[in-house]
1. Given the criteria assigned to a helix (DSSP H, G or I), out of contact with any strand residue (DSSP E or B) (no Cβ under 8 Å at 6 or more places or on another chain) and crowded, with 20+ Cβ neighbours inside 10 Å, does residue 681 qualify?
2. What pairs can you find where one residue is in the stretch 92-104 and modelled with pLDDT of 95 or more, the other is buried (at least 20 other Cβ atoms within 10 Å of the Cβ) and not in a strand (DSSP E or B), and their Cβ atoms are less than 6 Å apart, with a gap of 6+ or different chains?
3. Filtering the stretch 746-762 down to residues that are over 42 Å from the mean Cα position of the chain (by Cα) and in contact (Cβ under 8 Å) with a residue 24 or more places away in the chain, which residue is surrounded by the fewest Cβ atoms within 10 Å (Cβ to Cβ)?
4. List pairs: first in the stretch 126-143 and on the phi < 0 side of the Ramachandran plot, second assigned to a loop (DSSP other than H, G, I, E, B) and surrounded by 21 or more Cβ atoms within 10 Å (Cβ to Cβ), Cβ under 6 Å, 6+ apart or cross-chain?
5. For the stretch 734-762, enumerate the residues that are assigned by TED's automatic domain parsing to the domain that holds residue 807 and in contact with a helix residue (DSSP H, G or I) (Cβ under 6 Å, 6 or more places away or on another chain).
6. Restricting the first residue to the stretch 862-879 and requiring it to be not assigned by TED's automatic domain parsing to the domain that holds residue 788, which pairs with a second residue that is surrounded by 15 or more Cβ atoms within 10 Å (Cβ to Cβ) and in a strand (DSSP E or B) meet a Cβ separation below 9 Å and a spacing of at least six or different chains?
7. Looking at the stretch 664-678, which of its residues are in contact with a strand residue (DSSP E or B) (Cβ under 7 Å, 6 or more places away or on another chain) and part of a loop (DSSP other than H, G, I, E, B)?
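The values are calculated or read from the model by the stated rules, or taken from the named source; none is laboratory data. If you're wondering where the values come from, they're calculated on a predicted model, not measured in any experiment. Neighbour counts run over all protein chains shown; Cβ positions are idealised from the backbone, glycine included.
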């Protein structure tokens, strides 16, 4: 038989072609697009296409109008919009039956999320699923993260929050590649809102016909701002992300302020027509130019936030400005406005606003400016519940995280429990998430890395963003399944088995308990004036009221329990303890730290990828241990010192000494651990930071700086203890008498001299009974009690040299969020960022004066330069106690004066 070689070769080639053709047909997928394919559907389809091609599939797009019968061996994925199906907003139905996969949603974002879900599954298995039946939708309506266009420091000649959009101040803002990375990470986490925080953004983004001089940037920068803002909003929209521009009230542009001889911001200033008109027209121009961008309004901080002014400003300036912009566009659809419930009576504002504007949201802080407790209680929870019951969506704001920075934090367990608490306790149905650390230094983290490079927050803290967004989508997930999920995530990142990756998860979850427990049992405030990871002075632990204790932290943002001073008092008097105690937390944080270190060490030798980042995580775990043990020993020492107040037994102080020594030793370890790994602890490096030490001009931002004051504190204590042991008595810190400065008042005022029976008010007979001894002889200004309540205080004076004005603030017992209608509230940085513009935030002398029948009184001081100045205080009664030279020694202390008698303090042992 004659063999035809040519025929054999042709046959083989045909066979190969048919095999290849069959293989190709088996790996071919047609993606059928809906007839209406908006950008976010196309974006999702393209992401799906990339996942398929990475898995080895050939893909093609087919428009629904050109839909044809499926070819044999070719798989199809049909994407469709159906507004008639009953599914929550952004939800989707995903089904697969061998060759055909269908994705149905009632809105484009639902289609987008469905394609991403399918793409994720393909990326995991490297195959298009054969069988699938999923219906999914987010539980929280809004799921967003924020970025601050702000800095760790003030700009020259500027005040807080005043940062025009410029390449010099925010070079990253103009980086399109970075924005794409940020937006991609958000859509991967199914986040649908991006908040941009700034004091007054309008003068960087719009021009006003009536106020052309108000623009704060050059023409070149203005065009760059237009370009990048348009790019950002378009790229966000295709990913289903709503950009929300936040702004504070009332702040105006610097050129506008200078033109009209005004301050850019002045909390006590009433609403004036020129500012209202400028703000309304700024908002109108912004809405007209960027109609798809939402607005978030902060009525507090830069204006007196409680009273009729906030209602009037919102209803007669903000909302009309938005409506003016819509009218200019010829649009009726209202863009959303988010009202921030901060330093304002949000329920009253919403009640007045809802009849005028329907598309309103509210947002409030979940745990203040920290993360402390998963299920807030008391008045704080009640405020959130009230807002959520208004009928609009209420958003929970995870804000600043002052107790977490700068160390890595990603405890899925704590985060999941917090989101469940948002639903069950607070009534929240939205998430507004801050960066885990370094908010003021975006986009960089505080890590010190080789060659001076900087780590990006979205890369370093990927697990923080993923955890919050995962549980915002669905909160109640099976715990065992969640452990498997996170172990898979960590195992993939670090080249580990799930079993080994579980050790990293354990380290994260154990360290995740330390900072929340420390702050809620020992802290002064939930605000960012305290940097928890830098530690606390002993005087702050044993006399927290002297440092402006923010009681809401203990009453609402912690489980029921006791402070150190409460525990010590109960212990001495034999009263039963209640709830979570300091002694319990002292042991807890040490246990958490020990477990975390054991877990992270167990896996260290097995990590095969991203070893540098693993070592940074490991270093953070060791830092948390040093921090936990530092606090634990210091708190134990504090309990013995507090016991000494009652016992006057030196044995108690002797027991405190070795504990304080151990505390300092662990702080040295913490300083050493962070010396080469972190640039700073806190990203806010201005005079607003007070605890443990004043942070003006970037001072005391690193553990190596704070170590010295802690060592001095220990040295003072040793010296005082030696003196007590040798003499059984020791003098408290000497207080220097204060002298009157020369001052000339404008207006018809009378003076009074501080002494027993002195009367500080013109129209009442109340008189001073007792006073801190350095005040004797100071000349105060008699004020009118009734006028202070109705009109506030405005005192104009002239001085030849810089002075301090001493102001006494009464401390009445008031319910949370209830404005005292009689007494002026002392400056409080938690609600008023300008509360230290004159150095007035700190209590200089606590419990300084006794006036029978009136509350306790603390003294604060206001700094003024030479020349003519005006002291402006909001409505409420306060004492004007006198003027002293700016350089006069004003010793901070607690005078311990009460109407019931003097109370012993022991701060002097450490000062």
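1. Here the answer is no, as residue 681 does not meet what is asked.
2. Partner pairs satisfying both residue conditions: 92/110; 92/113; 92/114; 94/114; 103/114.
3. Among residues in the stretch 746-762 that are over 42 Å from the mean Cα position of the chain (by Cα) and in contact (Cβ under 8 Å) with a residue 24 or more places away in the chain, the one surrounded by the fewest Cβ atoms within 10 Å (Cβ to Cβ) is 747.
4. Note: pairs meeting the criteria are 138/90; 143/191; 143/192.
5. Once the filter is applied, which keeps residues that are assigned by TED's automatic domain parsing to the domain that holds residue 807 and in contact with a helix residue (DSSP H, G or I) (Cβ under 6 Å, 6 or more places away or on another chain), the stretch 734-762 yields 754, 761.
6. Qualifying pairs under 9 Å: none.
7. Within the stretch 664-678, 677 is the sole residue that qualifies.
To keep it simple, each residue is scored yes or no on (1) under 21 Å from residue 261 (Cβ atoms); (2) surrounded by fewer than 24 Cβ atoms within 10 Å (Cβ to Cβ); (3) at pLDDT 95 or above.
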position: 178; (1), (2), (3): no, yes, yes
position: 181; (1), (2), (3): no, yes, yes
position: 186; (1), (2), (3): no, yes, yes
position: 190; (1), (2), (3): no, yes, yes
position: 198; (1), (2), (3): no, yes, yes
position: 202; (1), (2), (3): yes, no, yes
position: 208; (1), (2), (3): yes, yes, yes
position: 214; (1), (2), (3): yes, yes, yes
position: 217; (1), (2), (3): no, yes, yes
